[in-house]
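Enquirer: I have a structure here, written as structure tokens, and I will follow up with some questions on it.
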Amino acid sequence: MMGGAGPMIGGAGQMMGGAGQLNRVSQMMNGSRNVSSMGGLMSGDMQPGLNMPMTGYIGGEYDFMMEDPYLAAPPQEVDGKEILHFSGFVLVPPPPHAAPRSTREKPPGCKTLFIGGLPETVTEEMIGELMQTCGNFETIRLGKKHFAHIRFIDYDSVDKAIFYSGWRMKIGEKDDKPNTGRIHCDYATARDDQYEWECMQRTIEREQRHHRRMIEDMNRPPSPPQVARYSESEASGITEKLKSSQGFAEAAGILMEWLDKGQVNSRNANRFYTMIHCVQSSVRRLTAEKEEFEQELENYKAQYKIKVTGLVSQMEQIQNVFSKARQQKVWDHFSKPQRKNLELWTSQCQVRSVGLHDWCVILTGVSY
């Protein structure tokens, strides 16, 4: 399994290209031509502040005296597209007017890439170094007939790897057939991808069903309370509730359900008769309560009339005060602003007195 970290290339023990190579490939995929074609990490990049490349990774330390012909090679271009240099191989872009390689329709949930046309001497480490520029991957399965399958972690990594389809891979400086090959990248149908995709779809469907069920439960009207089945103990409790005003409504509903379901028989007929008799007794109770409410209402009306009479009497006294203040023998002693205020208060009192009188007539039916 090839992890997120770059694998080691056998032989010289050099680290494969990392962040630098990934940035260059990403820029090329986006159409940028201002890309460096040097190596990946410090093994091929220029040391900041120095004019000499850091090449050669031997025994855990960099050898500044030894130069790698691939890492120290100057940038090269083929018809406007840049050649990509890796640790042990290079990728030559296809001609600019070459027809794009056709690909099959992408299967749902595809995370596996098929890459064919590989050189005979290619290794898993080289393929991993190339695919690392597209994203992290899980496994590489290299076949015996110059092809491989790479399973990525992210779905979009497969789309990025399709970019390399049609490029020529050259291992070392050799141009013979075992060390060169025009690679072809395409979507692969893998059972692991299908199984993972189906599991994810089932999870989404379960969540959607759960969400719809929650909405239906929230919008469903509440079910009516379940009526207890008839029994002697239940009937005794219903009889007691029918005698009181607090539990009468609930007890009467249960009694109607029992009668509607035909649960009366020769054994419990006397019990049902007793309950119905309690219902009839409630008529007298309701009549007595009605008379009490009417008497309370009459008392309230009398108290209300007394209070309203007091309000009207006070309003009449206020009007008399303003009337006395407007007598000539009193009016002449007030200043002009004071007379203006007295006239305003008198008019306001008359308007409110009429409103209070009409309100009392409507509520009590008595004209004051």
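Enquirer: How do Tyr300, Tyr187 rank by accessible surface area computed with a 1.4 Å probe, from largest to smallest? Walk me through the numbers on the way to the answer.
Expert: Details: Tyr300 145, Tyr187 35 Å².
Output order, biggest surface exposure first: Tyr300, Tyr187.
Enquirer: Is the shape of the stretch 175-331 best called rounded, prolate or oblate, per the rule: a/c under 1.5 gives rounded, else a/b larger than b/c gives prolate, else oblate, with a ≥ b ≥ c the square roots of the Cα gyration tensor eigenvalues?
Expert: Values: a/c = 10.23, a/b = 1.62, b/c = 6.31.
Taking the square roots of the gyration eigenvalues as a ≥ b ≥ c, the stretch 175-331 is oblate.
Enquirer: Checking a compactness column here: for the stretch 242-368, what do you get for Rg(Cα) / (2.2 N^0.38 Å), N being the number of residues?
Expert: Normalised Rg, Cα atoms only: 2.23.
Enquirer: Considering only DSSP states other than H, G, I, E and B, which trypsin sites (Lys or Arg not before Pro) in the stretch 98-193 qualify as loop sites with at most 15 other Cβ atoms within 10 Å?
Expert: Arg104, Lys144, Lys145, Lys174
Enquirer: Fully extended, how many nm does the chain gain between Leu356 and Asn136 (0.36 nm per residue separation, minus their Cα-Cα distance)? If you can, show how the numbers build up before the last one.
Expert: Working: separation 220, 0.36 × 220 = 79.20 nm, distance 8.69 nm.
Stretched fully, the Leu356-Asn136 segment lengthens by 70.5 nm.
Enquirer: Search the structure for amide H atoms under 5 Å from the amide H of Phe89, placed 1.01 Å from N in the peptide plane, and list their residues when 5 or more places away or on another chain.
Expert: Amide H to amide H, under 5 Å and 5 or more residues apart or across chains, Phe89 pairs with Gly172.
Enquirer: Continuing with this model, one more query. Going by accessible area, probe 1.4 Å, with all protein chains left in place, what is the ranking of Tyr230, Tyr155, largest first?
Expert: If we order Tyr230, Tyr155 from most to least accessible, we get Tyr155, Tyr230.
Enquirer: Under a plain spin-label model, where a point goes 7 Å from the Cα along Cα-to-Cβ, how far apart in nm are Glu250 and Thr309?
Expert: It is 4.7 nm.
Enquirer: For Gln226 and Glu196, FRET efficiency with R0 = 45 Å and r from the beta-carbon atoms, rounded to 0.05? Spell out each step's value before the answer.
Expert: Values: r = 47 Å, r/R0 = 1.04.
E(calc), rounded to 0.05, equals 0.45.
Enquirer: From the phi of every residue in the stretch 127-142, what ³J(HN,Hα) in whole Hz does the Karplus formula 6.51 cos²θ - 1.76 cosθ + 1.60 yield, where θ is phi - 60° and glycine or proline is x?
Expert: My calculation for the stretch 127-142 gives 5, x, 5, 5, 6, 5, 6, 9, x, 6, 10, 9, 9, 10, 10, 9 Hz in order.
Enquirer: How much length is gained if the chain between Leu286 and Val321 is pulled fully straight, taking 0.36 nm per residue apart and subtracting their Cα-Cα distance, in nm to one decimal? Numbers along the way, then the final one.
Expert: Numbers: separation 35, 0.36 × 35 = 12.60 nm, distance 5.24 nm.
Extra length from Leu286 to Val321 when fully extended: 7.4 nm.
Enquirer: Straight distance only, please: which aspartates and glutamates reach the Cα of Lys144 with their own Cα at less than 17 Å, same-chain residues fewer than 8 apart left out?
Expert: Glu120, Glu124, Glu125
Enquirer: Note down the accessible area of Asp217, probe 1.4 Å, to the nearest 10 Å².
Expert: Ignoring ligands and nucleic acids, Asp217 comes out at about 80 Å².
The values are calculated or read from the model by the stated rules, or taken from the named source; none is laboratory data. From a predicted model like this one, the values you see are computed outputs, not experimental measurements. Cβ atoms come from the backbone with ideal geometry, glycine included; neighbour counts cover every protein chain shown. Each accessible area value is taken on the protein alone, full model and side chains, heavy atoms only, with ligands, DNA and RNA left out. Shrake-Rupley method; radii C 1.70, N 1.55, O 1.52, S 1.80 Å.
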